[in-house]
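First comes the structure, then the notes that go with it.
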Amino acid sequence: QVQLEESGGGLVQAGGSLRLSCAASGSIFGLSVMDWHRQAPGKQRELVASITSVGGTNYADSVKGRFTISRDNAKNTVYLQMNNLKPEDTAVYYCTVVQRLSRSWGQGTQVTVSS
């Protein structure tokens, strides 16, 4: 079983930046895809960004050019650097990892962007 601990959320003004971190622990044998999802109030959860074990990345159109996902395989940690934040980025952000075809979710961290 993989446990995920997210950190780095908070309140920021529009145009500001935040960096989210997510550290995986527990029974780790090899994490493949690591990604970030978010869910805004009244909206469905959506994929924000993903990164493979060899560094291939994918982003939602709404965050391209503003967000950067990265990972440190030695630390089993994934990051999300968020720049030029907008009020519409306000959401709970969830880290997920896939190991042996099984996906684990973190508890989520709140990101609030004020206008």
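Here are the numbers:
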item	result
Residue pairs meeting the criteria (Cβ under 7 Å; at least 6 apart or on separate chains; first over 10 Å from Q107 (Cα atoms) and touching a residue at least 24 places away in the same chain (Cβ under 8 Å), in region 1-15; second of a type in the set (D, E, K, R) and assigned to a strand (DSSP E or B))	G8/R19
Some residue of region 44-55 being hydrophobic (A, V, I, L, M, F, W, C) and open to solvent by 60 Å² or more (accessible area, probe 1.4 Å)	yes
Members of region 28-60 found to be within 11 Å of V98 (Cα to Cα), aliphatic (A, V, I, L, M) and assigned to a loop (DSSP other than H, G, I, E, B), listed by number	I28, L31, V33
Single residue of region 97-114 satisfying the filter (modelled with pLDDT of 95 or more and part of a loop (DSSP other than H, G, I, E, B)) that is surrounded by the fewest Cβ atoms within 10 Å (Cβ to Cβ)	Q107
Residue under evaluation L47, criteria (1) under 15 Å from N84 (Cβ atoms); (2) free of Cβ contacts under 8 Å to residues at least 24 places away in the same chain; (3) among the hydrophobic types (A, V, I, L, M, F, W, C), criterion not met	(1)
Considering residues of region 66-96 that are more than 21 Å from G10 (Cα to Cα) and part of a loop (DSSP other than H, G, I, E, B) only, the residue least open to solvent (accessible area, probe 1.4 Å)	N76
Selection from region 1-32 of residues that are of a type in the set (A, V, I, L, M), surrounded by fewer than 19 Cβ atoms within 10 Å (Cβ to Cβ) and at pLDDT 95 or above	L11, V12, A14, A23
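Matching residues to (1) under 17 Å from Y94 (Cα atoms); (2) in contact (Cβ under 8 Å) with a residue 24 or more places away in the chain; (3) not small (G, A, S):
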position	(1), (2), (3)
S25	yes, yes, no
I28	no, yes, yes
V33	yes, yes, yes
W36	yes, yes, yes
G42	yes, no, no
I51	yes, yes, yes
V54	no, no, yes
I69	yes, yes, yes
K75	no, yes, yes
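The values are calculated or read from the model by the stated rules, or taken from the named source; none is laboratory data. From a predicted model like this one, the values you see are computed outputs, not experimental measurements. Counting neighbours? That spans all protein chains shown, and the Cβs are built from the backbone with ideal geometry, glycine included. Note: accessible area is taken over every heavy atom of the protein model, side chains too, but ligands, DNA and RNA are not part of it. Shrake-Rupley method; radii C 1.70, N 1.55, O 1.52, S 1.80 Å.
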